[in-house]
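A short reminder: the numbers here are calculations on the coordinates, not readings from a lab. Predicted, not measured: the structure shown is a model, and the values here were computed from it. Positions of Cβ are backbone-derived with ideal geometry, glycine not excepted, and every protein chain shown enters the neighbour counts.
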Amino acid sequence: MIEDSTLAKAKVIVVTSGKGGVGKTTTTAAIGAELARRGNKTVVIDFDIGLRNLDLIMGCERRVIYDFINVINEEATLSQALIKDKREPNLYVLPASQTRNKDALQQEGVGKVIELLKNDFKYIICDSPAGIERGALMALYYAEEAVIVTNPEVSSVRDSDRIIGVLNSDSKLAKEGGEVKKHLLITRFSPARVKRGEMLSIEDIQEILAIDLLGVIPESPAVLSASNQGVPVTLDNDSDAKLAYRSAVDTLLGEAPAKIAPASTKSWSFLRIFKGETV
Amino acid sequence: MSILDLLRFKQKSSASKAKERLQIVVSHQRADGQKPNFLPQLHREILEVVSKYTNIDQDKIHVELQNEGDFSVLELNITIPQQS
């Protein structure tokens, strides 16, 4: 399967958050698809054993035959389990199993599969389940970089801090005396609500978590629309969220500094003038 | 400064309350993360030993580890009820 012997060393990136429902799977799909669109051979792996959803967000749910656990247990080969994306030739999905056996993910088996993937892929994106149990620990164990998906909301920020602590103590790199490079991705952000003092600002979140900002994804109807159709946001029609994810990938690749959320939509109204806002 | 801003002035915004609460909870969380993980086990074992000789409640034993620059202090505080 190796096509290019000069292939740069593969990079393992975990998308994690501690808290559920903040946009890990959306982010995995969006970033993975965008890296592939730019010509990088990329695989996205679902670590949420028993509750797989990355296949659905990627739109390949009806093509799942073998899964991650089948590969670990040598019931299928890696190439049998990998699903090639129909839109991007460089994009592959490794789906999670629907088994309810929590012990199915063993560190040794996961390591073996990641090593195999490293021979063929430039980017290996691990979609972590919520929580800090086995699935989440396995998803982050082999990571060199981590995207911490955070909503501007107290429980999400606290859980992000917790997962940063876990990355600093339980990842393979940390255990070897190194450090996982951590990126903050703020999702479901609403500049108008920050302005009204109803929502934590980007600066507030950065100050608390103290990690580098990767990007800010605005609260956008485009995200639900993309997931309804099984299309990664970055491959869907143009939208604010798509632009924000593309900028985040620029930053991930070191091509541009993180972009602060796009300006909120302006509205002219009597109330606005009454409030004394300058337009 | 507008009319609405003046009306709102007295009340702190919910976002700044969120920030304050987070700063506190996160600093505790990080301090807990620094603690060696043998502490709960140590706590249990001390409780076992002490309760062999006296009646004692779980919450009468405090085990605290404090960092003081280049050394750490393990502080044990055991309150034993008066023998009747």
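Report the Cα-based extents of segment A:17-96 along its three principal axes, largest first, to the nearest Å.
Largest first, segment A:17-96 extends 32, 31, 19 Å along its Cα principal axes.
Suppose only helical runs count, i.e. DSSP H with n ≥ 4. What mean residue ellipticity at 222 nm does that imply for the protein assembly as shown under -39500 (n - 2.57) per run, divided by all residues and rounded to the nearest 500 deg cm²/dmol?
Helix contribution divided over all residues of the protein assembly as shown: -12000 deg cm²/dmol.
Which of rounded, prolate, oblate describes segment A:185-230, given a ≥ b ≥ c as roots of the alpha-carbon gyration tensor eigenvalues and a/c under 1.5 marking rounded, otherwise prolate only if a/b is larger than b/c?
Oblate.
Which FRET efficiency value, to the nearest 0.05, do you get for A:N119 and B:E75 by plugging their Cβ-Cβ distance into 1/(1 + (r/R0)^6) with R0 = 51 Å?
0.45
What FRET efficiency comes out for the pair A:E74/A:A174, r = Cβ-Cβ distance, R0 = 30 Å, nearest 0.05?
FRET efficiency, A:E74 to A:A174: 0.50.
Going by average Cβ density within 10 Å per residue, which order do the peptides A:14-27, A:208-221 take, highest to lowest?
A:14-27, A:208-221
Checking the a/c ratio against 1.5 first, then a/b against b/c, what shape does the Cα gyration tensor give for segment A:198-256?
Here segment A:198-256 falls in the oblate category.
Separation of segment B:13-84 and segment A:38-73 by C-alpha centroid, Å?
Segment B:13-84 and segment A:38-73 have Cα centres spaced 43 Å from each other.
State, to one decimal in nm, how far the label point of A:L51 lies from the label point of B:R44, with both points 7 Å from Cα in the Cβ direction.
Placing both labels 7 Å beyond Cα along the Cβ direction yields 2.8 nm.
Estimate the FRET efficiency between A:E108 and B:Q23 by the formula 1/(1 + (r/R0)^6), using the beta-carbon distance for r and 35 Å for R0, to the nearest 0.05.
So, using R0 = 35 Å, E works out to roughly 0.30.
Against the longest principal axis of chain A, how steep is helix A:154-170, in degrees 0 to 90 to the nearest 10, with axes from Cα atoms?
40
I'm a student and want to see the number: the projected area of the Cα convex hull of segment A:125-203, averaged over all directions, in nm².
Spelled out: convex hull of the Cα atoms, projected over all directions, averaged, 5.4 nm².
So for the protein assembly as shown: antiparallel DSSP bridges make up what percent, rounded to the nearest 5?
25
Normalise the Cα radius of gyration of chain A by 2.2 N^0.38 Å (N = residues in it) and let me know the number.
Expressed relative to 2.2 N^0.38 Å, the Cα Rg reads 1.02.
When the chain is fully extended, how far beyond the present Cα-Cα distance does B:K52 get from B:Q66, taking 0.36 nm per residue of separation?
Stretched out fully, the B:K52 to B:Q66 stretch lengthens by 2.3 nm.
Between rounded, prolate and oblate, where does segment B:9-74 land on the alpha carbon gyration tensor, with a ≥ b ≥ c its root eigenvalues, rounded for a/c under 1.5, else prolate if a/b exceeds b/c?
Prolate.
Over segment A:15-173, what relative contact order in percent results from Cα pairs under 8 Å that are six or more residues apart?
35
Return one quarter of the surface area of the convex hull spanned by the alpha-carbon atoms of segment A:1-147, equal to its mean projected area, in nm².
7.8
Where does segment A:73-201 land on Rg(C-alpha)/(2.2 N^0.38 Å)?
Working it through for segment A:73-201, the quotient is 1.24.
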